[in-house]
1. Considering only region 234-332, give the strands (runs of 3 or more DSSP E) lying wholly within it that have at least 2 residues that are farther than 26 Å from THR491 by Cβ and free of Cβ contacts under 8 Å to residues at least 60 places away in the same chain.
2. I'm trying to understand the selection: among the residues of region 242-276, which are of a type outside the set (Ser, Thr, Tyr), over 15 Å from SER203 (Cβ atoms) and at pLDDT below 90?
3. In region 60-98, what count of residues is obtained for those that are over 22 Å from the mean Cα position of the chain (by Cα), of a type in the set (Gly, Ala, Ser) and under 30 Å from SER211 (Cβ atoms)?
4. Looking at region 448-482 only, could you name the residues that are among the polar types (S, T, N, Q) and more than 28 Å from the chain's Cα centre (by Cα)?
5. Considering ASP370, ASP386, ASP374, which residue is out of contact with any strand residue (DSSP E or B) (no Cβ under 8 Å at 6 or more places or on another chain), of a type in the set (D, E, K, R) and not assigned by TED's automatic domain parsing to the domain that holds SER486?
6. Kindly indicate the residue of region 441-494 that is touching a residue at least 24 places away in the same chain (Cβ under 8 Å), small (Gly, Ala, Ser) and at negative phi and also surrounded by the most Cβ atoms within 10 Å (Cβ to Cβ) among those meeting that condition.
7. Given the conditions (1) within 24 Å of the chain's Cα centre (by Cα); (2) at pLDDT 85 or above, and given that MET1 satisfies all but one, which numbered condition is not satisfied?
Amino acid sequence: MKHIYMFFAVLAICTTAFAQLPDGSIAPDFTATDINGVEWNLYDLLDEGNTVILDFYATWCGPCWNYKETGILEDLWNTFGPEGTGDLYVFSLESDDATTNADLHGTGPNTTGDWVTGTPFPMFDNMSNVFDEYGNTYYPTIYTICPDPVDGGYALVESGQASFDGHVSAAFMDCENSITGAAPLVSYNGETSSCGGGEWNASAAVINLGSEDVTAMTFSVNLNGVAQSDVNWEGVLSNGGNETVDLGSYTDIGTFDYTLIAVNGSDWNAEEAVSIVGSTEATSYVQVRILTDNWPEETSWVIEGSDGSFIDGIAEGALAGQTSTEFAWDVALDINECYVFTIYDAYGDGLNSSQWGNYADGSCSVVSMDGMTDVSVVVSYDGSSDADFAELVAGMEVTSVTGITENDLTSSVIVFPNPVTDNTTLSFSAAEAGNASVVVYNLIGEKVIDMNLGNIAAGTQSIQLDFASLEAGIYLINLTAGNETSTLRVTNAQ
């Protein structure tokens, strides 16, 4: 992770080494006065049954500012805070004591903008003591603390720069407390690309997390900043129920914004922006190429069908330890179909490592192939010159059929049985002797199996994988043997 202190060299004379608090740790209590002179105590709010989100940041931190600009924490406050359902608090904790009040207001020399204007929740300055008490080592660090008592305190999880839905899941679905009133959780589930310049359909999935029925919702819709007709929904959506709301059909591409502005006749404010991309012509065989930067564990990617179905990809953490390493994945696609490629960076700075010091930048490309020959470039990103990103999206329309030539390792990997019911066998052929490892991830990036196979001989290898204790679902197996890597998908059917 990106360490935040510019003066870290002085840590050599310090006697205390901090370590990031792992998920499930008891959150240290603290009392602090916000920039408006109001005193707050963390445990008082938790004792009252509120979930609390702590956002530790610095005024000069680019990814911190980019996340603030999404408005996600503001939307959470407006929806679930004291003026909403009354179930959640957000604390904004500026934690570099070297910055000033002017920096906080966007007029000082060490700031990326005005952090105060438009922020509705409590803001605190000079909070390095709390930052250190939580063992933090980088900006931003965002925790969610559940109001469920544990061992005389309250447990935290590092929810990070999550989406609105991700924070709601951490704040409520993963906590034992319930939400009072009607509380619809909205997430986009429509199309994200215009295949061949044609019409695309927008829709949102809604689940009611609250104790009361949702009977009416109004959505405002904008496409590239131009207001579209409001969308009204009526019905009965009880606690735990789900509904898909049609948000209209469109032909223009760009930024699609929708906001849930009213629920059961009361004002609401849950906004989401989705990038709708066009489609670049591609062949039925593409190769995803990534040169990792100094923090490869932050990188993940996925190719999805036009219906959102998973085609191929790797989870966050799958490339951990593979700094400045080139990877290539062969992906077979269907003719006359459209797909969306997305590469993610968990920190939000893309593959631009050099901005943090003397580190090599990474790069990413998706190339149409015919056998071993490059046909065209679908995606091209260079961390040394292109902008930071949390996610980079591109559409592909397969217009021609070509041959696929996989690397020796990929073509030799077999998992049987698949779907898995208990145990399965991973078989592969290594071209030469070398170190090998197998890591299995679930689709939210959690590492569930980690096997270091050590130095293996050239030839066919068979490894037993135990899925008996894992939940049913889709998992990604990342196999590394020598200088080759292969990722494949398995389904745990138990």
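1. Values: elements: 242-250, 254-263, 266-276, 279-283, 285-291, 299-305, 310-314, 326-332.
By residue number, 242-250, 254-263, 266-276.
2. Within region 242-276, ASP267, TRP268, ASN269, ALA270, GLU271, ALA273 meet the criteria.
3. Number of matching residues: 3.
4. Matches in region 448-482: ASN455, THR460, GLN461, SER462, GLN464.
5. The unique qualifying residue is ASP386.
6. ALA481
7. Against the list (1) within 24 Å of the chain's Cα centre (by Cα); (2) at pLDDT 85 or above, MET1 comes up short only on (2).
Let's see how each residue does on (1) under 30 Å from SER163 (Cα atoms); (2) crowded, with 17+ Cβ neighbours inside 10 Å; (3) among the β-branched types (Val, Ile, Thr); (4) at pLDDT 85 or above:
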{"residue": "VAL393", "(1), (2), (3), (4)": "yes, yes, yes, yes"}
{"residue": "GLU397", "(1), (2), (3), (4)": "yes, yes, no, yes"}
{"residue": "VAL413", "(1), (2), (3), (4)": "no, yes, yes, no"}
{"residue": "ALA431", "(1), (2), (3), (4)": "no, no, no, no"}
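The values are calculated or read from the model by the stated rules, or taken from the named source; none is laboratory data. Note that the coordinates shown come from a computational prediction; the quantities given were computed from them, not determined experimentally. Cβ sites come from the backbone with ideal geometry, for glycine too, and all protein chains shown count toward neighbours.
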